[in-house]
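Have a look at the structure below, then the notes.
Derivation of every value follows stated rules applied to the coordinates shown; laboratory data play no part. Quick caveat: nothing in here was measured; it's all calculated off a predicted structure. Methodologically, a virtual Cβ is constructed for each residue, glycine included, from the backbone with ideal geometry; neighbour enumeration extends over all protein chains shown.
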Amino acid sequence: MPPVPRPFPRFIADSPQEAKPYGRWEERLADAFADACREHANQAGAPLDPQSVRWFPDRTWGSRAYVPATGHAGLPEEGGQPADGEQAAAPATVEYFGWVSFERSSDGEPGELRARADFTDVTAEDNPDWKIDLSDDVIGTWRAEGERGGDVTLVWGLPMVRGAVAVTAELDGEVLDQAAVKDGRFTLVAVDAVRGFGDQLYLDIRLWDRTLREIAAETLYE
């Protein structure tokens, strides 16, 4: 076959190995994620509620595995005492999102945990018209010839429609990654915000049912 005019990297990450962590390993990841969220607690109005953390399938890119997570804000740390007869309510419209990553060593022991988190008040609870609840973060850079390149992006989410069994990440009609929807969750890794091939190109995330019928599609910038 001849060389292709747009050599986008495809399927650059390993397939998910675990749908979600458990046991002591989950506790380690949860502590790291909570520490990353704590930096934003004052601005968000409340710290992370540890009981609300939801884990997503891991993906490995290079030597690091990434385990995405989301969680709701809990009660304020200060000044949150309710008035007599009232019940304190968590600011449910604030959601933390981020990931914990670790080195995959040859002996199987994870090393060098890193975590990143942010928060948003734009949530699925307040947007019933959403078909996919998406989060994303740039974890690296892809460089091509000249000034061409893009952002290696970790994408995780929840289908808000029924029947989704698979998900794809597409760039201008070309599939760059795909994954099964496990326990109603998915994680993707693909290049986004690609420049140097005409107009700047952005990822589309598409959900598919068992008959390979597209049932939902959204961009990371919608």
Inset, instruction - Select from segment 41-54 the residues that are touching a residue at least 40 places away in the same chain (Cβ under 8 Å), hydrophobic (A, V, I, L, M, F, W, C) and not in a helix (DSSP H, G or I) and write down the one among them that is farthest from PHE97 (Cα to Cα). - result: ALA46
Legend entry - So LEU212, is it assigned to a loop (DSSP other than H, G, I, E, B) and farther than 24 Å from SER101 by Cα: yes
Inset, instruction - Can you give me the number of residues within segment 98-136 that are in a strand (DSSP E or B) and either under 16 Å from the mean Cα position of the chain (by Cα) or closer than 18 Å to ASP49 by Cβ (or both)? - result: 17
Inset, instruction - Collect the residues in segment 138-149 that are touching a residue at least 60 places away in the same chain (Cβ under 8 Å) and either under 25 Å from ARG114 (Cβ atoms) or not in a loop (DSSP other than H, G, I, E, B) (or both), keeping them in residue-number order. - result: ILE139, GLY140, TRP142
Inset, instruction - Residues being farther than 22 Å from TYR66 by Cα, touching a residue at least 60 places away in the same chain (Cβ under 8 Å) and surrounded by fewer than 16 Cβ atoms within 10 Å (Cβ to Cβ): count how many of those fall in segment 173-208. - result: 1
Legend entry - Residue satisfying condition, being in a strand (DSSP E or B) and under 19 Å from ALA65 (Cβ atoms), within set THR168, THR153: THR153
